[in-house]
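The block underneath contains the structure these notes are about, expressed in structure tokens.
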Amino acid sequence: MVGGSVVARPIVPRIIEGRWLRRRRWVALSLMLLFAALPFVTIGGAPAILLDVAARRFHFFGATFLPTDGVLLMFLLLTIFAGILLVTALVGRAWCGWACPQTVYMDFLFRPLERWVLGAAAKKGELSGRRLLLLTLYAALSVMLGNLFLSYFVGYQAVWRWMQASPTEAWTPFLVMAVTAGLVFFDFAYFREQTCTVVCPYARLQSVLLDPASDIIAYDVGRGEPRGLGKRRDDLGSCVDCNACVTACPTGIDIRNGLQLECIACAQCVDACDAIMDRTGQARGLIRYATQLELTGGPTKARRLRPRVLLYAGLTLALLATLVVLITGRAPAEVTVLRGTTMPWVLQEGKIRNQLRVKVANHSLEPERYSISTSGLAEVELIAPENPLPVAADGQATTTIFVLAPPSAFRAGRASLTLQVTGARGFQSQTPVTLLGPMERSAP
Ligand code: SF4
Ligand code: SF4
């Protein structure tokens, strides 16, 4: 893998209309539409995706993850990670070139806008009226995208409220929106392809994730070299050294130098080179999707089912299956019983009183009322100020209860009973509880 050269910025790639650009455009438009629509989509009454960090609650396509669901979240992240390994082993950096929001918005929104506003002046860096217009449009788009992005974290209703409030009344939301929009503006107006080439860690993992049988965008050295211009091509390869692939590259690299971490697999060099091949009457595909194996004389159809792919596929499927089992087998509520923070026990009207705290997490998308009762110990009295305990949909509530038992119930300072929590829609939990009391059958 060869490192890229230092490139003059800003890079303004030449756009060559070709089959790959057309395909990518359709994919990008669909993804932009999906990104804009998802915050407004609900599944079973909950947002399709809402990563509510403040409330520590994540909604993900019908599944809700609470802070108590750390194991589920871990499996979700591991499944995504294993999926990335699998996709990269199979089709290289297809994610970067086809689906990453950075590429999608840069290549199919911000750059087209730049070409439309600046026209032929796009390469000049001077501050002109057109450039000011472009920056204004960039700023408007950044606010829009920033607010859309925030909808995934606070919900579109909250963003809408924030947008209507005066900055003096709600300066924190205003600041959050301003900083988010500012970061989007900085990224797409200034930092651009450097997000991929300098910041993104995925590019750096490329050498580990790819193998010689992975699909990449590659220059066919055997066919192209020796490169050169000239009418008599008997001693020359197919490359006419026109540099069209370099000027079309949004990260400013020369793919003829080999696979580089700056290559985001956008295929713009493929379209550029195919156009040159057409013009010079040569077969297309001097730059193409290929495997390193194929370019070094190996089989043209690399084996898809190789050990690495099978391993990643098996891992992804196993993690996904575990995640599904865990989600579907998850109880609609979770009960935690904790001892009170005051004295372990007190004597009240001749009985031993224990204070307990009962926390109920309602995982369902309906509000629920939970009844608390005890069993397994005779002559027990339960004092529960909130019984049944109301818990909001997908929420949690904690209540303090008191359990009074006769001193005769205690053996060596302990007595056991079962605390039952019953939901109106059939949920039932039984938690064994140990009450503390006097070591002897006497008052403390
Ligand atoms: S080398 Fe080709 S595929 Fe890679 S980033 Fe440049 S134009 Fe895109
Ligand atoms: S576009 Fe094709 S022919 Fe032109 S320099 Fe690049 S590889 Fe060579």
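So for the range 83-105 (the condition being under 30 Å from P212 (Cβ atoms) and charged (D, E, K, R)), does at least one residue qualify? Yes: one or more hits. Here L347 meets the list (1) under 30 Å from the mean Cα position of the chain (by Cα); (2) surrounded by fewer than 16 Cβ atoms within 10 Å (Cβ to Cβ) almost entirely, failing just condition (1). Among the candidates T42, T64, the residue that is buried (at least 20 other Cβ atoms within 10 Å of the Cβ) and either free of Cβ contacts under 8 Å to residues at least 40 places away in the same chain or hydroxyl-bearing (S, T, Y) (or both) is uniquely T64.
Residues in the range 321-343 that are of a type in the set (S, T, N, Q) and in a helix (DSSP H, G or I): T322, T328. The single condition from (1) within 14 Å of ligand 2 (Cβ to nearest atom); (2) farther than 26 Å from C100 by Cα; (3) in contact (Cβ under 8 Å) with a residue 40 or more places away in the chain that R288 fails is (2). Of the numbered criteria (1) at pLDDT below 95; (2) closer than 30 Å to A63 by Cα; (3) surrounded by 16 or more Cβ atoms within 10 Å (Cβ to Cβ), the one I372 fails is (1). Please tell me if G237 is within 15 Å of ligand 2 (Cβ to nearest atom) and more than 30 Å from the chain's Cα centre (by Cα). When the stated conditions are applied, G237 passes them. Meeting the requirement of 1 or more residues that are modelled with pLDDT under 90, the helices (runs of 4 or more DSSP H) wholly within the range 99-175 are 111-118, 129-154. All told, V270 falls short of being without any contact (Cβ under 8 Å) to a residue 40 or more places away in the chain, within 9 Å of ligand 1 (Cβ to nearest atom) and either outside the structural domain of I11 (by TED's automatic domain parsing) or part of a helix (DSSP H, G or I) (or both). Restricting attention to the range 394-419, the residues that are surrounded by fewer than 14 Cβ atoms within 10 Å (Cβ to Cβ) and free of Cβ contacts under 8 Å to residues at least 40 places away in the same chain add up to 4. Residues that are of a type in the set (A, V, I, L, M, F, W, C), without any contact (Cβ under 8 Å) to a residue 60 or more places away in the chain and in a loop (DSSP other than H, G, I, E, B) within the range 232-258 comprise L236, C239, V240, C242, listed in sequence order.
Tallying residues that are touching a residue at least 40 places away in the same chain (Cβ under 8 Å) and under 30 Å from R411 (Cβ atoms) within the range 361-393 yields 7.
The values are calculated or read from the model by the stated rules, or taken from the named source; none is laboratory data. Note that the structure is a prediction, hence the values are computed from the model and not measured. All Cβ positions, even for glycine, are placed from backbone atoms using ideal geometry, and neighbour counts span all protein chains on display.
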